[in-house]
Number of protein chains: 4
Amino acid sequence: MVNIELPVIAINFKTYTQATGEKAVILARLCEKVAKEYGVSIVVAPQIPDLYRVVNAVDIPVFSQHMDAGEPGRFTGHVLGETLVENGVVGTLLNHSENRMQLADIEASVSKANSLGLYTIVCTNNPPVSVAAASVNPSAVAVEPPELIGSGISVSQSQPEIISGTVDMIRAVNKEVVILCGAGIGTGTDVEAAIKLGSQGVLLASAVAKSDKPEDVLKSLIEPIRK
Amino acid sequence: MVNIELPVIAINFKTYTQATGEKAVILARLCEKVAKEYGVSIVVAPQIPDLYRVVNAVDIPVFSQHMDAGEPGRFTGHVLGETLVENGVVGTLLNHSENRMQLADIEASVSKANSLGLYTIVCTNNPPVSVAAASVNPSAVAVEPPELIGSGISVSQSQPEIISGTVDMIRAVNKEVVILCGAGIGTGTDVEAAIKLGSQGVLLASAVAKSDKPEDVLKSLIEPIRK
Amino acid sequence: MVNIELPVIAINFKTYTQATGEKAVILARLCEKVAKEYGVSIVVAPQIPDLYRVVNAVDIPVFSQHMDAGEPGRFTGHVLGETLVENGVVGTLLNHSENRMQLADIEASVSKANSLGLYTIVCTNNPPVSVAAASVNPSAVAVEPPELIGSGISVSQSQPEIISGTVDMIRAVNKEVVILCGAGIGTGTDVEAAIKLGSQGVLLASAVAKSDKPEDVLKSLIEPIRK
Amino acid sequence: MVNIELPVIAINFKTYTQATGEKAVILARLCEKVAKEYGVSIVVAPQIPDLYRVVNAVDIPVFSQHMDAGEPGRFTGHVLGETLVENGVVGTLLNHSENRMQLADIEASVSKANSLGLYTIVCTNNPPVSVAAASVNPSAVAVEPPELIGSGISVSQSQPEIISGTVDMIRAVNKEVVILCGAGIGTGTDVEAAIKLGSQGVLLASAVAKSDKPEDVLKSLIEPIRK
């Protein structure tokens, strides 16, 4: 499995027009440039049809935004782990609030990803769900209160108890799983607050993907963790 | 919350014709008779449209087969906890293999049920998913390998490691949650094996609901636990 | 199949607290009283766990808010047509905007309902979807722009072209299916406008179910169609 | 919108290992070779992560296996029409039996695809569902009885009435939409039978994608329509 250095900034491109097709490549290259220039760990998650072109354009970890649980064969339109691997993808988000999964499918997808060496970040909405997600042995859990996603109000500053509660509840039973957080993260101050609360990185989307000046936003975000 | 005495036999009526409408009432009365005659704990889970008539006919705990996560208001066709309570229902199955739920909805439903005093049995398919389900604080978890459901091949005799693995993994982190098992349970020997493996009861359907002689089946099932 | 006299006022109780449990019975009795007193056709759609008690309390048509497509047997938690019939229910809403269904399941449910003699009202969101719904041979189609549902802004006054467009497109290929409309309907004026546009009745919820004075609202609604 | 010459052979790569990643490119090139050598119309539908590499490798129409209904923005993991267009994809399957969609989403996806110039093939399971699908104005409808998919028993020879019934019911109300069929199609005789019944092409998967000798299978399939 790919080694993701911590703390990590994970950028979800969602389906933003500014991060689609060739623009996904340009944005991923910008993330790569900042990652290398400042010695920080950045991963990108472009849309699924854009994965191959982004993988071939950059040398930072490229994640899928989703993966299904099925086996090769009769699963028209599903996103299989094997196919992600064939296209150079090294990990995947699972259960994003815009793409919630059944519990049994989260477990099956994580289990499949583990067997294929794919890094998994399971998104969750609160501390108990985070503990449940951690139970199925993913690489990481990312807690994101859905009401703050895309809001510009950061979870780390407005609802710090969501992060500290998740960290406390998971660490009581699981010392290994990486803990991330997200929702409304847009500045270095947000990142710093998240890390002080025990988060090992952040997951974010709109602040970078929708920005007119994504390089400035990226530089702000990585300020507290640059070397 | 209703006290469910352990070990418990939970009978899921599914949508079997032999357990629908007035026949649901007759079957529930039979379960009540056996429960009282032999001093065993039996709960019944009829179809949702049959709940009210069954509740009004018997004096054993009546469960719903499903409950949704929403709040009162704009949820046409959803099954709300408040409405179950209004109809005298005391608990619910959640996430049955024929009705899988998203992780976030399982947690929201359990949380809602807890606040309403409804007993919850979250169905799962393997030990890691069982631990995940236990994390969201339900009353009980019932592990049921889907491939054995309705098969007549009992989980407790053919895949004992599913039950013992679930018990071991859950008890490592949670001493409280009730642990049940199901799939293919049809005889007292199956029940006895389940209980020896650490299960605190069984969940079953076809062996009783489809039987021509449900009373004989019930008497066989409760043999190892009767007083 | 039950004969539903046209024009019809269909009242969806949704999951409003004011229309749950014994309050569902009280509201249904009020609908019955107004229906009989003024000679108008009113049908009620309470929550599924409340169906049996409402059916046994009133002598107007009682509909389910949803029905699934499966056959009797292994469908834990599903709402089967056979079970609705056993409980005296005479029809069902399908595909409400709060409970959208797959196309193949809408067709299977309608086909099953037709074979059981259950009246079906398939909810839709625009004229082309209404024509598609009409193609699978339901009793009725009810077009409801989702953005107006519960808004208090009536479709018949604010978006009359949705109703007239639906009527025109359906009647070009289907002379039989009943055409209803809904969303924001709350007064007799709204009903009158709907009927002038070619609708054969209305489907509504909050204006009655959430009202402090539901009898007054009902009397207003039926004013243009009373005898 | 791309012009798809009729009759057309559409090859769904599903998630077969033999049609994944670089093997998807090889199979697509083989389809292209046969299409050009024999003057027949072949389209390919590889997995979504493979689309970009296949588009860049061949000069025949490349379709997605699925497309979601959302707009650009907050739809993590969804497959947007805009993103398909950016990657050179010219059409999409919708509502495949392994990926059924809600009726409202089928209509929204078709409407979106039409506005983007993407060719749509909506899969259906029987004649009434086919008429419903045709009502929302897709480029094509492909009727496929699910129980025959991957069976090796061709719909055109074993259930010809499904095809002729679909053709009759659709043509009674719609002269424009292309009508295809699928399920179990594996030989030229199957294709010939389908076309005689009024189908304007076939949709198939396993016969080609799982074959050790896909070129031989392709040549058999196109025999009745080659120039």
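Would you mind counting up the charge near C:Ser97? Only other residues with Cβ under 15 Å from its Cβ, with Lys and Arg at +1 and Asp and Glu at -1.
-2
For region D:131-138, what does the Karplus curve 6.51 cos²θ - 1.76 cosθ + 1.60, with θ = phi - 60°, yield as ³J(HN,Hα) per residue in whole Hz, taken in order and with x for Gly and Pro?
For region D:131-138, the Karplus-derived couplings read 5, 4, 4, 4, 5, 8, 6, x Hz, x marking Gly and Pro.
Let's test the formula: R0 of 60 Å, r as the Cβ-Cβ distance of B:Val2 and A:Lys219. What FRET efficiency results, to the nearest 0.05?
Given R0 = 60 Å and the Cβ-Cβ separation, E is 0.55.
Running a GNM on chain C with Cα contacts under 10 Å, which residue among C:Thr120, C:Thr76, C:Thr17 ends up with the highest mean-square fluctuation?
C:Thr76
For peptide A:79-89, compute the average count of partner chain beta-carbon atoms within 10 Å of each residue's beta-carbon.
Mean shielding by partner chains, rounded to a whole number: 5.
Taking amide H atoms as placed 1.01 Å from N in the peptide plane, list the residues 5 or more away in sequence, or in a different chain, whose amide H sits under 5 Å from that of B:Val43.
Here B:Ile9, B:Ala10, B:Ile11 satisfy the definition.
Using θ = phi - 60° and the Karplus relation 6.51 cos²θ - 1.76 cosθ + 1.60, list the HN-Hα couplings for region C:71-78 in order, rounded to whole Hz, with x at every Gly or Pro.
Values, residue by residue: 9, x, x, 8, 9, 3, x, 7 Hz.
Give the relative contact order (percent, whole number) for region B:7-77; include only Cα pairs under 8 Å separated by 6+ residues. Before the final figure, lay out the partial values.
On the way: 92 pairs, mean separation 23.4, N = 71.
That works out to 33 percent.
With chain D treated as a Gaussian network of Cα nodes joined by springs under 10 Å, which of D:Gly201, D:Gly77, D:Gly152 yields the largest mean-square fluctuation?
Ranking D:Gly201, D:Gly77, D:Gly152 by mean-square fluctuation puts D:Gly77 first.
Find how many whole Å separate the alpha carbon centroid of region B:94-157 from the alpha carbon centroid of region A:126-147.
Here the answer is 18 Å between Cα centres.
Using each residue's phi in region C:207-217, evaluate 6.51 cos²θ - 1.76 cosθ + 1.60 at θ = phi - 60° and report the 3J(HN,Hα) Karplus result to the nearest Hz, with x for Gly and Pro.
4, 8, 5, 9, 6, 6, 10, x, 5, 5, 5
For the cross-link pairs C:Lys33/C:Lys219; A:Lys36/A:Lys210; B:Lys23/B:Lys213; B:Lys23/B:Lys210, which exceed 18 Å when the distance is taken from alpha carbon to alpha carbon?
Pairs exceeding 18 Å: A:Lys36/A:Lys210.
Can you list the residues, at least 5 places off or on another chain, whose amide H is less than 5 Å from the amide H of A:Gly91, using H built in the peptide plane?
Here A:Ser64, A:Tyr119 satisfy the definition.
With a cut-off of 8 Å between alpha carbons and a minimum separation of six or more residues, what is the relative contact order of region A:51-150 in percent? Please report the intermediate quantities before stating the final value.
Values: 164 pairs, mean separation 23.0, N = 100.
The normalised contact order for region A:51-150 reaches 23 percent.
If you count the DSSP beta bridges with both ends in region C:104-227, what percent of them are antiparallel, to the nearest 5?
0 percent
Applying 1/(1 + (r/R0)^6) with R0 = 35 Å to the Cβ-Cβ distance of A:Glu192 and A:Arg29, what FRET efficiency is obtained, to the nearest 0.05?
With R0 = 35 Å, the Cβ-Cβ based efficiency is 0.85.
Mind telling me which of C:Gly91, C:Gly73, C:Gly198 comes out most flexible in a GNM of chain C, alpha-carbon contacts under 10 Å?
Looking only at C:Gly91, C:Gly73, C:Gly198, the biggest GNM fluctuation is shown by C:Gly73.
With the crude spin-label approximation of a point 7 Å out along Cα→Cβ, what separation in nm comes out for A:Ser158 versus C:Thr17?
Placing both labels 7 Å beyond Cα along the Cβ direction yields 2.6 nm.
Rounded to the nearest 0.05, what FRET efficiency is calculated for B:Asp168 and B:Glu71 with R0 set to 35 Å and r the Cβ-Cβ distance? List each step's numbers first, then the result.
Working: r = 37 Å, r/R0 = 1.06.
In this case the efficiency is close to 0.40.
Extension gain B:Lys36-B:Asp212, at 0.36 nm per residue separation less the Cα-Cα distance, in nm?
61.2 nm
Under a crude label model (7 Å from the Cα following the beta-carbon direction), how far is D:Glu176 from A:Glu176 in nanometres?
5.8 nm
Looking only at other chains, what is the average number of their beta-carbon atoms within 10 angstrom of each beta-carbon in A:93-106?
Averaged over the peptide's residues, the number is 6.
Over all distinct alpha-carbon pairs, what is the Kirkwood Rh of the protein assembly as shown in angstrom?
29.1 Å
Skipping prolines and chain starts, which residues have an amide H placed within reach, meaning under 5 Å, of the one on B:Gly73, given they are 5 or more residues away or on another chain?
C:Thr15, C:Tyr16, C:Thr17
Once the whole set of protein chains is in place, how much accessible area is left on B:Asp168, using a 1.4 Å probe, in Å² to the nearest 10?
100 Å²
Which whole-number percent gives the relative contact order of chain B, counting Cα pairs below 8 Å spaced six or more residues apart?
Taking the mean separation of contacting Cα pairs over the length of chain B, I get 20 percent.
Determine the dipole magnitude for region D:111-200: charges of +1 sit on the beta-carbon of Lys and Arg, -1 on that of Asp and Glu, nothing else is charged, the reference point is the Cα centre, and the result goes in debye to the nearest 20.
Dipole of region D:111-200, to the nearest 20 debye: 300 debye.
Where a Cα-Cα gap under 21 Å defines reach, which lysines qualify for D:Lys112, not counting those fewer than 8 residues away within the same chain?
A:Lys14
Divide the volume of the convex hull of the Cα atoms of chain D by its number of residues and quote the answer in cubic angstrom per residue. Walk me through the intermediate numbers first.
Values: hull volume 24.3 nm³, N = 227.
About 107 Å³ per residue, rounded to a whole number.
In peptide B:124-130, how many Cβ atoms from other protein chains are near each Cβ within 10 Å, on average?
5
The values are calculated or read from the model by the stated rules, or taken from the named source; none is laboratory data. Predicted, not measured: the structure shown is a model, and the values here were computed from it. As a convention, Cβ positions derive from the backbone with ideal geometry for all residues, glycine included, and neighbour counts pool all protein chains shown. Calculation scope for accessible area: heavy atoms of the full protein, side chains included, ligands and nucleic acids excluded. Shrake-Rupley method; radii C 1.70, N 1.55, O 1.52, S 1.80 Å.
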